[in-house]
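Notes follow once the structure below has been shown.
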Number of protein chains: 2
Amino acid sequence: MSFFSSRWVERPVHVTELDTAVLPRGFRAAGVAAGIKPQGLDVGVLVSEEPGTVSSARFTTNARVGAPVTVSRQARLDGLRAVVANSGCSNVGDGRRGYETATAMQARTAELLGVDPAAVGVASTGAIGRELPRERVLAGVAAACGELGEGAGAFSESILTSDAGPKRCALDVALPSGTVRLCAQAKGAGMISPRFATMFCFVETDAMLDAATLDLLVGVCVKRSFDRISVDGQLSTSDTVFALANGAGGVAVEPETPDELALGEALDALLRQLALEIVRDGEGTRRVGRVVVRGAVDAVEPIARAVADSPLVKTALHGADPNFGRILQAAGQAYPEGEPFVVDLAIEGLPVVSAGDALELGQAGLAELEKAVGREEVEIELTVPGEGGETEVFFSDLSEAYVAFNSEYGKGRG
Amino acid sequence: MSFFSSRWVERPVHVTELDTAVLPRGFRAAGVAAGIKPQGLDVGVLVSEEPGTVSSARFTTNARVGAPVTVSRQARLDGLRAVVANSGCSNVGDGRRGYETATAMQARTAELLGVDPAAVGVASTGAIGRELPRERVLAGVAAACGELGEGAGAFSESILTSDAGPKRCALDVALPSGTVRLCAQAKGAGMISPRFATMFCFVETDAMLDAATLDLLVGVCVKRSFDRISVDGQLSTSDTVFALANGAGGVAVEPETPDELALGEALDALLRQLALEIVRDGEGTRRVGRVVVRGAVDAVEPIARAVADSPLVKTALHGADPNFGRILQAAGQAYPEGEPFVVDLAIEGLPVVSAGDALELGQAGLAELEKAVGREEVEIELTVPGEGGETEVFFSDLSEAYVAFNSEYGKGRG
């Protein structure tokens with residue numbers, strides 16, 4: 001089965017899918033069990049062997065960020081050589097001790113890899129407000145640096161928390177000037193409503209491009225992927241995207257060329273599908289919704305978010321309940337009071353509201369609608385007053401399983 | 001047991017609690033079963049017999065409102081004599097037909113009671129996007145007008161949807177100038193995040209006061225009660241408060257007098273307790289939270305809402321999980337990115353975060369915290385940067401039962 005499994009992401013014709021754990025030339029990675037989590041891999045290291053590697057980064061916009069985000073922001077974000085990550089504890093809210101632990105992770109990784117500490121990005125995920133055991137994580141860093149290999153399998157597992165499994169992809173991308181390799185590993189299933197970045201996504205390519213070009217591509221593609229998803233409307237303290245390009249493949253990608261366009265298309269599809277995997281793996285999720293809103297430029301984003309984050313819309317999606325009244329209510333909540341709010345609404349292409357009024361569906365129409373909302377992916381199209389704006393948000397349903405999972409005390413989760 | 005059962009509402013010393021179904025002098029009410037709901041009472045009428053009755057009203061601020069809100073807004077809101085209400089269908093999204101049905105409810109009620117149609121407020125609650133059967137509801141209006149009596153029992157039941165039971169209160173209020181009677185009936189358990197009004201609350205008093213004074217008291221008290229609660233963060237299309245004062249008791253309440261103050265205190269306590277009953281009866285609710293936020297004037301409200309509406313905070317409340325990291329994360333989400341966000345946090349009076357960092361609670365402290373978050377009412381106090389602002393929001397937890405209830409298809413709910 002193709003990695004590009006959602007009907008909402010088109011598989012670029014110029015990509016070849018590889019074993020998902022493959023890395024581009026000149027990258028090495030490892031993941032080890034260091035006892036941060038009760039079981040499983042929990043410390044990972046990724047490194048590019050090329051001194052000329054360039055990079056790009058995006059972080060959460062939450063005012064409350066973790067120590068790893070603080071430390072990473074001070075790093076040389078356009079020249080990262082390595083990433084050190086852990087799961088099991090997000091290292092948020094632990095004051096100076098937490099800051100020192102994040103700095104120590106960065107320093108130990110740099111020392112063992114022989115790179116500048118400012119060339120190491122740090123990312124931690126898990127429970128907030130707990131101490132990240134420094135000796136354990138540093139021992140894990142040492143073990144991982146001793147096990148570096150050409151695959152991303154263990155590394156991609158070491159960053160998971162409540163994920164059902166690894167989220168990763170490896171592609172060969174045929175550019176006009178030659179073939180480059182593009183790979184990524186992501187994690188995330190709860191506390192997901194990123195702005196500019198998801199929980200974690202690490203991207204590697206052996207293409208040769210300058211830092212500004214990489215940053216432009218990452219910025220555009222992140223806005224169209226991780227910035228467009230919501231599991232529970234909750235912006236994390238720790239969202240991080242690191243992208244590294246090391247040029248080891250020898251194919252140069254110059255700005256404003258067909259090469260750049262082709263690489264951008266592949267990166268766009270890759271990140272969109274990874275973002276959808278995060279939504280589909282949303283804690284307890286059964287069904288994924290996509291809400292598309294067209295109308296006034298200022299109106300579409302808050303309306304799309306209000307629909308995607310409404311627990312009433314999400315429970316209806318979960319129950320395959322064609323309760324479109326809740327969509328109208330959520331949309332109206334995000335619109336200025338007193339303004340005329342006359343909308344059209346279609347679900348899976350079936351018009352259900354026209355000019356603000358529910359249409360008479362009849363027996364056959366209702367049966368068709370009931371069938372449509374029972375699919376794995378359900379599309380909602382809303383047209384609101386005004387022109388020029390269009391946006392989309394992909395969202396999880398809300399299930400008893402989400403509640404049960406997030407109500408259980410003492411599991412060490414965020 | 002006293003109606004004032006929450007520790008967050010002080011029972012005024014100058015009130016006497018009466019049978020909760022009592023009405024003030026000069027008011028009559030009825031509730032009947034008209035077949036709008038599969039079973040139970042679903043059409044109610046309330047009327048003041050005094051021609052000089054004054055009134056005040058508040059409605060939802062959702063841009064998408066129901067036909068009953070539209071029709072009521074065009075009524076004489078400072079001189080209402082009667083209210084007609086139904087449950088089982090909110091009459092939202094049914095276009096001209098829905099508007100005509102709401103108008104017909106108003107006209108039929110006015111005709112049967114011998115009052116001006118502009119003196120009748122209309123309120124409907126239930127599923128959105130369905131037809132309110134006109135002949136049934138008008139037959140119900142006629143039946144209710146034929147059964148008007150001195151009690152509010154059947155009336156208060158006729159407005160319920162997913163409520164566990166009636167929400168109502170009747171008080172004698174000892175003012176310096178004499179005793180007045182103050183009563184109210186409310187409904188609401190889901191789609192609850194009112195701004196300026198709850199789903200429904202109807203207030204009656206036989207005090208003699210002018211419309212401006214009544215409106216002032218209602219405005220202040222609604223802001224401190226229904227405006228401060230959230231079950232699921234969802235602003236309804238139909239929230240309505242009607243308050244009627246008919247002077248039948250002969251006690252005049254002049255503006256800016258001790259009488260006005262004493263009546264205001266009683267109304268304030270009454271509406272706050274009713275608002276808390278709505279939260280406590282939130283669909284599937286086990287525990288009620290109160291978040292108090294102190295800090296910069298502009299910051300406190302969005303932070304309080306972000307905490308109250310976070311599904312992660314709500315599931316932790318449900319599971320008695322002392323996961324305060326989620327409170328920091330939700331608060332940070334509502335604060336401008338990049339601003340210093342150093343907070344203090346106390347739960348049930350126990351300091352857990354100081355100057356942004358988690359405190360070492362130790363075994364005994366953690367045990368105390370675990371016990372505290374298992375109480376029926378849990379208080380969260382958050383101090384954020386800045387001065388001069390303070391607000392509170394009362395909120396329900398989020399349970400599997402809420403999800404199950406709102407995922408079930410075909411129950412005719414909103």
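What follows draws every value from the coordinates through simple rules; no lab data is involved. These numbers were taken from a predicted model, which means no experiment stands behind them. For neighbour counting, all protein chains shown are included, and Cβ atoms are generated from backbone atoms with ideal geometry for every residue, glycine included.
What does the convex hull of the Cα atoms of region A:48-160 come to per residue, in Å³, rounded to a whole number?
That works out to 99 Å³ per residue.
Take the Cα atoms of region B:15-280, find their three principal axes, and give me the spread along each one in whole Å, biggest first.
50, 40, 31
Total Lys pairs in chain A closer than 24 Å by alpha-carbon, pairs eight or more apart in sequence or interchain only?
Within chain A, the lysine pair count is 12.
Need the full-extension length gain, B:Glu131 to B:Ala401, defined as separation in residues times 0.36 nm minus the C-alpha distance. One decimal, nm.
94.4 nm
Which order do the peptides B:150-159, A:335-344 come out in when sorted by mean C-beta neighbours inside 10 angstrom, highest first?
Result, highest mean first: B:150-159, A:335-344.
Mind giving me the FRET efficiency for A:Ala212 and A:Arg97? R0 is 35 Å, r the Cβ-Cβ distance, nearest 0.05 is fine.
0.40
Rounded to a whole number of µm²/s, how large is the Stokes-Einstein D of region B:110-228 at 37 °C and 0.692 mPa s, given Rh as the Kirkwood radius over C-alpha pairs?
The estimated diffusion coefficient comes to 198 µm²/s.
Calculate, for B:Val342 and A:Glu256, the FRET efficiency according to 1/(1 + (r/R0)^6) with r their C-beta to C-beta distance and R0 51 Å; round to the nearest 0.05.
E(calc), rounded to 0.05, equals 0.70.
Taking chain B as a Gaussian network, Cα atoms linked when under 10 Å apart, which of B:Ser354, B:Ser56, B:Ser236 shows the biggest mean-square fluctuation?
Of B:Ser354, B:Ser56, B:Ser236, the Gaussian network model singles out B:Ser354 as fluctuating most.
Tell me, in nm to one decimal, what length is gained between B:Glu17 and B:Thr179 on full extension, where the rule is 0.36 nm per residue of separation less the Cα-Cα distance?
Difference between extended and current length: 57.1 nm.
Which residue fluctuates the most in chain B, going by a Gaussian network model with Cα springs under 10 Å, if the choices are B:Leu113, B:Leu244, B:Leu276?
Among B:Leu113, B:Leu244, B:Leu276, the largest mean-square fluctuation in the Gaussian network model of chain B belongs to B:Leu113.
Reported to two decimal places, what Rg/Rh ratio describes region A:273-411 when computed on Cα atoms with Rh from the Kirkwood expression?
0.99
In peptide B:342-352, what is the residue-averaged number of other protein chain Cβ atoms found within 10 Å of each Cβ?
Mean inter-chain Cβ contacts per residue within 10 Å come to 1.
Which whole-number percentage describes the relative contact order of chain B, with Cα contacts under 8 Å and a sequence gap of 6 or more?
Over chain B, the number comes to 18 percent.
Nearest 10 degrees is fine. How inclined is helix A:134-145 to the longest principal axis of chain A, computing both from alpha carbons?
Roughly 80 degrees between the two axes.
Can you figure out the FRET efficiency of B:Glu376 with A:Glu408, using R₀ = 25 Å and their beta-carbon distance, to the nearest 0.05?
0.80
Give me the one-decimal nm value for the distance between modelled label points at A:Glu111 and A:Glu390, 7 Å along each residue's Cα-to-Cβ direction.
Computed distance between label sites A:Glu111 and A:Glu390 equals 5.5 nm.
Just to be sure I follow: if Rg is taken over the C-alpha atoms of region A:332-414 and Rh is the Kirkwood radius over the same atoms, what is Rg/Rh?
Rounded to two decimals, Rg/Rh equals 1.10.
Does region A:363-410 classify as rounded, prolate or oblate by the C-alpha gyration tensor (a ≥ b ≥ c root eigenvalues; a/c under 1.5 gives rounded; else a/b over b/c gives prolate, otherwise oblate)?
It comes out oblate by the Cα gyration axes.
Suppose we keep just the DSSP beta bridges with both residues in region A:15-280; what percent of those would be antiparallel, to 5?
Of those bridges, close to 70 percent are antiparallel.
So what's the projected area for region A:119-167, the Cα convex hull averaged over all directions, in nm²?
Projected over every direction and averaged, the Cα hull of region A:119-167 covers 4.6 nm².
Equivalent ellipsoid semi-axes for the protein assembly as shown, as square roots of 5 times the alpha carbon gyration tensor eigenvalues: give them largest first, rounded to whole Å.
54, 30, 20
Scaled to the compact-protein estimate 2.2 N^0.38 Å, what is the alpha-carbon radius of gyration of region A:90-140, rounded to two decimal places?
In units of the 2.2 N^0.38 Å rule of thumb, it is 1.11.
Pick out which of A:Ala82, A:Ala29, A:Ala334 has the largest mean-square fluctuation in a Gaussian network model of chain A, springs linking Cα atoms closer than 10 Å.
Highest fluctuation of the listed residues: A:Ala334.
Could you give the distance between the Cα centres of region A:200-262 and region A:308-356, to the whole Å?
First find each Cα centre; the distance between them is then 34 Å.
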